[in-house]
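Please read the structure below before turning to the comments.
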Amino acid sequence: RLKDKVAIISGGATGMGAASVRLFAAEGATVGIIDRNVEAGQALADELSAAGHKVVFAEADVSQKAAVQAAVANVKDAITQGLALEGQLMDQAMQLDRLSFEAVKATADHGIATHNAALERFKALQN
């Protein structure tokens, strides 16, 4: 369903983010993983690439605007290089220029809020 689509998943190295990366890749998307966990992120990208999926990894702490911008540029460059022979995907790779820090930050903020809510529920159970 996602053939010829490009997705960037922040926090994609482990947990639900990694599950999302796997799902998007399985559905045919070219996936960029952005995460601060280099070891897990690169391992996942390598695993999925070896299985025939188009997946790249870039390190970034999504709380840092410059790091996110650099990671998006790195993902775009890697995807563009990897798909240069597939002209129909070039336009979609260029769409990565439109990604904003706010969109990536919103994803991170949602994850943090979910974590904090779960932590509060856990604390309440402890009392």
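Restricting attention to segment 1-29, and to residues there that are part of a loop (DSSP other than H, G, I, E, B) and closer than 18 Å to V72 by Cα, which single residue is farthest from the chain's Cα centre (by Cα)?
K5
Does G32 satisfy the criteria of being in a helix (DSSP H, G or I), open to solvent by less than 60 Å² (accessible area, probe 1.4 Å) and touching a strand residue (DSSP E or B) at 6+ places or on another chain (Cβ under 6 Å)?
When the stated conditions are applied, G32 does not pass them.
The values are calculated or read from the model by the stated rules, or taken from the named source; none is laboratory data. Bear in mind the structure is a predicted one, so any value in this text is a computation, not a measurement. Every residue, glycine among them, receives a Cβ derived from its backbone with ideal geometry; neighbour counts consider all protein chains shown. Ligands, DNA and RNA are excluded from the accessible area calculation, which covers all protein heavy atoms including side chains. Shrake-Rupley method; radii C 1.70, N 1.55, O 1.52, S 1.80 Å.
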